[in-house]
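Read through the structure below, which is laid out as C-alpha cells, and then see the notes.
The values are calculated or read from the model by the stated rules, or taken from the named source; none is laboratory data. Just so it is clear, the model here is predicted, and its values are computed rather than measured. Cβ placement follows ideal geometry from the backbone for every residue including glycine, while neighbour counts extend to all protein chains displayed.
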Amino acid sequence: MRLPRPQLADPGLRALRSAARAAIVMPAVFAIALLVIGNPQTSTFAAFGSFAMLVLVDFSGPPRSRFAAYLSLGLIGAAEVVVGTLCSRDAWLAAGAMAVAGFAILFSGVINGYFAAGGTAALLAFVLPVSIPAPLSAIPWRLAGWGLAAGAAICAVMLIWPPRRSRTLRGDAGAVCLALADLADSVCFAGQQSAGSRADAAAAAVDGLRKQLEAAPHRPTGPTREAGALAALIDELGWLLGSLGAVARLPAADLCQGENAEAMAAAAAVLRASAARLTGADALPDTGRLARAQQAVARELTERVSQLPPVPDDEAVEALLGRSFRTRAVCYGTLQVAAYALAASGATATSPGSPGPLPPAVLAVQRFAAEHASARSVSFRNSVRGAAGLAIAVFIAHRFGLQHSFWVVLGTLSVLRSNALGTGRSVLGALAGTAAGIVVGGAILLAVGSSDNVLWGVLPVAVLFAAYAPRVISFAVGQAAFTVVLVVLFNIIAPVGWRVGLIRIEDVAIGFAVSLGVGLLFWPRGAAAILRRNMAAAYSHGADYMAATARQLTGDDDPGVAASAAQAEQAAEAAVHQLDDAFRQYLAERSAKQADPESAARLVGGAARLLRTGHSMAALTTGTGAASAGGYGASIDGQVQAVRGWYVTLGDSLANGTAVPPPQPANSGDRARLLRFLRDSINSGDSGAVRGALQVVWASQHLEMLRRMEAHLGEHALAASSLPPSH
C-alpha cells in the first residue's frame, strides 16, 4: 500500500535553504559568544539576535536593497538594545517604552513592504532587552551579542544561498507593459482578428499580475516612492487595458486616422521602454512624443469636427469621434504608466504630460501616516492592539518577577492577531505546540543526560526545524520546534533539565492570556467588518470626486469648485489607501476563507477604478484649452448624479448588509441629446463651442464606462455578502 506523501508549500526550496542557513549560522554565533566571549548577556543576545535576523525576516529584492534593509534592521536593533536596557529597571518605564516602541514599529509597516517584513524582528530586538532587567554596565555586552548576530546574519544572507533572481511584481508588470504595447500596435496597424487575440493575451497578463499582487505577503503599498509607484502602476495597467480594448472594438474609420495611428505608435513605444525599465534596463520612455501626439489628436479633432457637414447622422458622428476619444484616454493612461514605471525603478518622472514627480518622501510619509491615524485604519488598530498587549505583558513580567520574563512577552507577540477569534485559535495551537515541544525537549534531555556535546549536536537540527516548520507545515509545529530550541539553548547555558520547559509553558501561557484579553478588548471583530465600512467610504468619496471633476470639466470655472475637487481627491485617495490596508489584513485572516476573496478583490478594485476615473476626467482638458460648456454641461448633470448615487448606494449596501442596487439601464435619450448638442455646436461654427461640447461628450463617455461596470460590481457584491456587517 502506497502512503500519500505530504505536499510542502516550498517552491524552489527557498524556505529550506533559509532554514539551513539559520541552522549553520545561529549555533556558530552562539558558540562564539558562549565559549569565546563567555558572557551570558552576550550569549543570549547573540542567540536570539541571530534567530531574529535569520528566521523572523526574509527581505527580498535586488542585492543592494536587501543589504540596505538588513543593515538598517541591524542598526535599529542596536539602538533598541540600548533604549530597552535603559528602561528595563522599572516596570512602569519598561511598559511605557514597550508601548511606544511597539506602536511605532507596528504602525511603520504601512510605509512599505520592507518595514512590514522586518516588524517582528525589530519587535524582538526591543522585547529582549526591555523585559530582562539589567544594569547599565550590561549594555556593552548586550550590544556585543547583537552586533555579532547582526554582522554574521548579514554576511550569511548575502553570501550563503542568496535568493535567485526570480519572478517579481516589477518584472511581471514589465511583461504586462509588453503585452499592452503589442495590443496598441495591433489597434491601428493590424487586422481586427489580430487585435482581438492580442487583447485576450493582454487581459490574461493583467489578470495574472493582479493575482500575484493579491497573493503577495506584503503588498507594495505606502508613501515611499518605489512602493507607492509600483502599486499605482498595477492599477493603471488594468485601466489602460480597458481603454485599449475599447479602441480595438471600435470601427477603424475616424476623423483623425493619422493622428490616432501616431498616438498609438507613440504609446506602444513608451510601453516597451517602460517594460525595459521595469526589468532593469536604463531605457527612458519618450513621453514627449506621446504628449505631443495626445495634444495633436485633441487639436485636430476639434478642428475637423468644426468642418463636418451641418447635420451629420448621429451614429456616424459617434463612430467618427469614438476612436479619437478612446485614443486620448490611452495616451493619458500610458503617460501615467510611464511615470509610475520610472518612479518604481528609482528614476524621476518629470516628462510632459506625466502626473508629475511624487511628493518628497518625508511629506509623503507624513501624509500617509495622517491618513491611517484613524480607527477606520486596520494598521492603526493592529498597532494599538499590539502595543497594548506587549506593554501589559512587559509590566506583568516585571511586576511579578517571573524567572524568564521575556517569554511572557514572546508568548503575547507570537499569537496576537487582528481579531479575538484568530487570537483564540492561535492560543490553542501555540499551547499545544509548546506542550509538544516540552515533551520532545524533555525526551532529548533524558536521553542525552548532561552531555553538552550531544546538545550542541542537537541544536542545529532543532534550529533547522524551528525555522522551516512555521513556513511550510503549521504555526503549532513551529511553536513546538521553537520550544525545543529554547530547552536545548538554556540547558547549554545553565543546565536545569526538562524543568526549563515547564517554566516556559507557565510564562507563555500568561502571555497567551494577555494576548487573548487584549484581542477581546480592542476591536475584536477583525478586518472583515472594517473592510465593509472602508469600502463604503472609498465608493462614497470616489463618487464625490468623480462628480466634482465632471463639474469642472463641463465648464464651471468657479474657484470654489476647483478647491472642492482638490479636497474630494484627497479624501478619495485616503479612503482607497485605507481600503487596501483593510483588504490586505482581511486576506491574512482566517475569516477571509468564509467569503469569496476574489469578489472582495474586485470590489476593492472597483473603488480604485472610480478614483482613477476622476483622475482621467480631470486631465481631459489638457491640450484643448479652456472652453465653456455653455448649456451643454447641464445636459449630463442627471447622468452624473445617477452614477454618483448608484456607487454611494453600493457602498451603503456593503457597509450595512442591505440589498445591492440593481444596475442602471442605458439611457439612449442622454446619448441622442448630447449628439444633438454637438451638432448644434458644429452648426454654430464656433470652435470654442465645439471644444465645450466635446468635453461634455467625453465626460459622458467616462460616466458610461462607470455605468457599464455596475452590473459587474453588483454580482461581486452579492458574492461577498457573507462578510459581517460593519456595525
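Here are the numbers for this structure:
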read-out	value
Residues of the stretch 115-160 classified as under 27 Å from residue 386 (Cα atoms) and either aromatic (Phe, Trp, Tyr) or not assigned by TED's automatic domain parsing to the domain that holds residue 32 (or both), total	3
Single unsatisfied condition, residue 153 versus (1) out of contact with any helix residue (DSSP H, G or I) (no Cβ under 7 Å at 6 or more places or on another chain); (2) in contact (Cβ under 8 Å) with a residue 24 or more places away in the chain; (3) among the aliphatic types (A, V, I, L, M)	(1)
Flag if residue 480 is in contact with a Gly (Cβ under 7 Å, 6 or more places away or on another chain), at pLDDT 75 or above and within 30 Å of residue 440 (Cα to Cα)	yes
Answer residue from the stretch 646-668, given it is part of a helix (DSSP H, G or I) and free of Cβ contacts under 8 Å to residues at least 24 places away in the same chain and is surrounded by the most Cβ atoms within 10 Å (Cβ to Cβ) among those	649
Selection count where residues are among the charged types (D, E, K, R), buried (at least 18 other Cβ atoms within 10 Å of the Cβ) and closer than 20 Å to residue 42 by Cα, scope the stretch 55-97	1
Residue count, the stretch 263-302 (criterion: among the charged types (D, E, K, R) and under 17 Å from residue 183 (Cβ atoms))	1
Residue that is surrounded by the most Cβ atoms within 10 Å (Cβ to Cβ), among those in the stretch 268-286 that are in contact with a Leu (Cβ under 6 Å, 6 or more places away or on another chain) and closer than 21 Å to residue 619 by Cβ	271
Residue within the stretch 2-16 that is buried (at least 21 other Cβ atoms within 10 Å of the Cβ) and either at pLDDT 85 or above or not in a helix (DSSP H, G or I) (or both) present	no
Flag for residue 611 being within 26 Å of residue 109 (Cα to Cα) and at pLDDT below 85	no
Residue within the stretch 456-467 that is in a loop (DSSP other than H, G, I, E, B), among the β-branched types (Val, Ile, Thr) and modelled with pLDDT of 75 or more present	no
Filter pass, residue 572 being under 29 Å from the mean Cα position of the chain (by Cα), more than 30 Å from residue 462 (Cβ to Cβ) and modelled with pLDDT of 80 or more	yes
One residue from 195, 179, 153, 199 being over 30 Å from residue 74 (Cα atoms), at pLDDT 85 or above and crowded, with 17+ Cβ neighbours inside 10 Å	179
Residues (assigned to a helix (DSSP H, G or I) and surrounded by fewer than 20 Cβ atoms within 10 Å (Cβ to Cβ)) located in the stretch 119-140	120, 136, 137, 139, 140
Residues of the stretch 51-68 satisfying the condition of being among the aromatic types (Phe, Trp, Tyr) and in a helix (DSSP H, G or I)	51, 67
Residue that is surrounded by the fewest Cβ atoms within 10 Å (Cβ to Cβ) [pool: residues in the stretch 704-727 that are at pLDDT 75 or above and touching an Asp or Glu at 6+ places or on another chain (Cβ under 9 Å)]	704
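Per-residue answers, yes or no, for (1) farther than 28 Å from residue 585 by Cβ; (2) modelled with pLDDT of 85 or more; (3) not in a helix (DSSP H, G or I):
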position: 49; (1), (2), (3): yes, yes, no
position: 89; (1), (2), (3): yes, yes, yes
position: 92; (1), (2), (3): yes, yes, no
position: 97; (1), (2), (3): no, yes, no
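Residue-wise test of (1) surrounded by 22 or more Cβ atoms within 10 Å (Cβ to Cβ); (2) at pLDDT 80 or above; (3) not in a helix (DSSP H, G or I).
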{"residue": "367", "(1), (2), (3)": "no, no, no"}
{"residue": "370", "(1), (2), (3)": "no, no, no"}
{"residue": "382", "(1), (2), (3)": "yes, no, no"}
{"residue": "385", "(1), (2), (3)": "yes, no, no"}
{"residue": "391", "(1), (2), (3)": "yes, yes, no"}
{"residue": "394", "(1), (2), (3)": "yes, yes, no"}
{"residue": "402", "(1), (2), (3)": "no, no, yes"}
{"residue": "406", "(1), (2), (3)": "yes, no, no"}
